[in-house]
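As structure tokens, the structure follows; a few thoughts come after it.
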Amino acid sequence: MPADVIPYEDLGAVNAQYRAALDAAAKEVLDSGWYILGKQVPAFETAFANYCGVQHCIGVGNGMDALILALEALQLPAGSEVLVPSNTYIASILAIVRAGLKPVLVEPDAATYNINPALLEQHISTNTKAILVVHLYGKCADMDAIHAIAKAHRLYVLEDAAQAHGALYKNVKAGNLSDIAAFSFYPSKNLGAIGDAGAVCTNHEVLDNRVRLLRNYGSRKKYHNELPGTNSRLDELQAAFLLAKLPGLDALVAHKRMLASMYNELLSDAVQKPEVHPDYFDAYHIYPIRVAKRNELRQYLLEQGIGTEIHYPIAPVQQAAMKDILQGQQTPIAVAIHDSILSLPISYCHTPEQIERVANAVNSFLKS
Ligand SMILES: Cc1ncc(COP(=O)(O)O)c(C=O)c1O
């Protein structure tokens with residue numbers, strides 16, 4: 001790659017620092033001769049539970065399955081309504097559908113991009129059973145306000161923490177802020193596997209037990225099936241890779257936070273920057289800005305050799321797959337965010353000099 005190109009992300013470069021540990025992890029699994037639910041999965045489950053400060057962690061196949069299994073473990077009546085932000089990755093909504101439940105969209109706060117607690121109550125019906133919050137872009141949702149409403153209406157609270165490894169709300173880690181939480185270790189996440197992987201975290205023993213059964217054909221004892229489960233076990237190799245990478249997670253988040261504070265300082269106030277608030281320790285999975293001429297800015301940056309992404313280009317309500325499922329639900333705030341949001345490079349592979357160049361390029365575009 002030419003030296004003056006700034007890619008949006010370079011996972012090869014991010015993982016290069018772990019190369020020796022990843023090679024050793026792969027060798028250990030290969031040499032063990034035990035490839036499904038061997039030693040690595042429980043070792044990672046314990047390490048990640050400790051990291052999040054929760055009592056239980058269950059490794060599963062990916063983040064989407066983590067969400068489905070977390071929802072299924074609650075044993076809600078079929079067709080129950082689950083409140084979910086209208087501004088999220090489609091998986092949060094699809095998981096509710098896959099679990100046989102009904103997604104009810106709630107608009108986000110335009111400053112944090114996360115579900116707006118002030119809008120929850122107007123969507124609660126006698127059929128509402130849970131709130132699935134999403135800690136989008138690595139910022140936790142407004143948990144105190146959400147829990148107050150959940151308590152008043154006897155609703156479960158779930159976290160989609162797929163983008164929030166290492167984020168905190170009032171000094172409590174994402175994954176430990178609800179009844180049950182789902183993580184994705186998709187390769188580009190702050191804690192990324194070398195393939196698909198996910199996990200469920202909870203402090204409830206009953207839910208831990210149920211997810212543990214559900215991920216493995218509903219079976220605790222080989223060939224004895226207690227529940228109609230599925231096969232979504234965390235892969236032994238991925239568990240070994242994640243164990244090798246977990247010790248580096250805090251340094252990665254610290255690096256991203258340093259780059260984010262540079263953007264906050266250097267970028268013109270003509271763009272909307274991520275909100276900074278002392279209650280929230282943001283993990284900056286993504287550094288999103290909002291700008292009116294988003295597509296033009298993206299093209300301009302590309303011409304300067306700067307890669308960007310859009311998270312996400314199409315709002316859930318506008319997705320073809322959601323036509324029947326979300327029929328009649330209007331989410332203008334989410335649509336406006338999708339039309340104006342742009343993710344700037346913010347990765348472990350980026351240097352402060354590169355961030356300065358990106359910020360200068362954004363500012364020059366805005367002046368022109
Ligand atoms: C918010 C959110 N939820 C769920 C998922 C699904 O995770 P996975 O791709 O591991 O299935 C992702 C990531 O892709 C995500 O960003």
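Which residue out of Thr331, Thr351, Thr308 is within 30 Å of Lys173 (Cβ to Cβ) and loosely packed, with under 15 Cβ neighbours inside 10 Å?
On the way: Thr331 fails: loosely packed, with under 15 Cβ neighbours inside 10 Å; Thr308 fails: loosely packed, with under 15 Cβ neighbours inside 10 Å.
It is Thr351.
Every residue, every condition in (1) of a type in the set (Ser, Thr, Tyr); (2) over 12 Å from the mean Cα position of the chain (by Cα); (3) buried (at least 21 other Cβ atoms within 10 Å of the Cβ); (4) outside any strand (DSSP E or B), yes or no:
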{"position": "Thr126", "(1), (2), (3), (4)": "yes, yes, no, yes"}
{"position": "Leu132", "(1), (2), (3), (4)": "no, yes, yes, no"}
{"position": "Asp144", "(1), (2), (3), (4)": "no, yes, no, yes"}
{"position": "His147", "(1), (2), (3), (4)": "no, yes, no, yes"}
{"position": "Asn176", "(1), (2), (3), (4)": "no, yes, no, yes"}
{"position": "Phe183", "(1), (2), (3), (4)": "no, no, yes, no"}
{"position": "Leu191", "(1), (2), (3), (4)": "no, no, yes, yes"}
{"position": "Gly195", "(1), (2), (3), (4)": "no, yes, no, yes"}
{"position": "Val206", "(1), (2), (3), (4)": "no, yes, no, yes"}
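Checking the stated criteria, Ala162 turns out to be aliphatic (A, V, I, L, M), assigned by TED's automatic domain parsing to the domain that holds Ala47 and in contact with a Ser or Thr (Cβ under 7 Å, 6 or more places away or on another chain).
Only residues that are hydroxyl-bearing (Ser, Thr, Tyr), more than 20 Å from Ala118 (Cα to Cα) and either within 10 Å of the ligand (Cβ to nearest atom) or modelled with pLDDT under 95 (or both): list them for region 75-106, please. Before the answer, list the steps.
Here is the first cut: in region 75-106, the residues hydroxyl-bearing (Ser, Thr, Tyr) are 80, 86, 88-89, 92.
Filter once more, so that each one left must be more than 20 Å from Ala118 (Cα to Cα): 80, 89, 92.
Of everything in region 75-106, those that are hydroxyl-bearing (Ser, Thr, Tyr), more than 20 Å from Ala118 (Cα to Cα) and either within 10 Å of the ligand (Cβ to nearest atom) or modelled with pLDDT under 95 (or both) turn out to be Tyr89, Ser92.
Residues of region 100-124 that are in contact with an Asp or Glu (Cβ under 8 Å, 6 or more places away or on another chain), buried (at least 23 other Cβ atoms within 10 Å of the Cβ) and outside any strand (DSSP E or B): Leu101, Asn114. Is region 56-64 home to any residue that is more than 16 Å from the ligand (Cβ to nearest atom) and touching a residue at least 12 places away in the same chain (Cβ under 8 Å)? Looking for residues that are more than 16 Å from the ligand (Cβ to nearest atom) and touching a residue at least 12 places away in the same chain (Cβ under 8 Å), one finds at least one in region 56-64, hence yes. Please indicate, with yes or no, whether at least one residue in region 222-237 is within 16 Å of the ligand (Cβ to nearest atom) and part of a strand (DSSP E or B). Within region 222-237 (the criterion being within 16 Å of the ligand (Cβ to nearest atom) and part of a strand (DSSP E or B)), the answer is yes, since at least one residue qualifies. Exactly one residue among Ala244, Ala292 is small (Gly, Ala, Ser) and modelled with pLDDT of 95 or more, and that residue is Ala244. Residues of region 196-214 include none that is more than 16 Å from Ala66 (Cα to Cα), within 16 Å of the ligand (Cβ to nearest atom), touching a residue at least 60 places away in the same chain (Cβ under 8 Å) and of a type outside the set (Val, Ile, Thr).
Limited to region 275-303, what total is found for residues that are in a loop (DSSP other than H, G, I, E, B) and either within 16 Å of the ligand (Cβ to nearest atom) or in contact with a helix residue (DSSP H, G or I) (Cβ under 6 Å, 6 or more places away or on another chain) (or both)? Quick ask: steps written out before the conclusion?
First, the residues of region 275-303 that are in a loop (DSSP other than H, G, I, E, B): 275-279, 282-286, 291-293.
Then keep just the ones that are either within 16 Å of the ligand (Cβ to nearest atom) or in contact with a helix residue (DSSP H, G or I) (Cβ under 6 Å, 6 or more places away or on another chain) (or both); that gives 282-286, 291.
Matching residues across region 275-303 total 6.
Of Asp109, Asp144, Asp179, all but one fail to be touching a residue at least 60 places away in the same chain (Cβ under 8 Å) and farther than 30 Å from Asn15 by Cα; the exception is Asp179.
The values are calculated or read from the model by the stated rules, or taken from the named source; none is laboratory data. Worth saying up front: this structure is predicted, and the values here are computed from it rather than measured. Glycine gets a Cβ as well: all are built from the backbone with ideal geometry, and neighbour counts include every protein chain shown.
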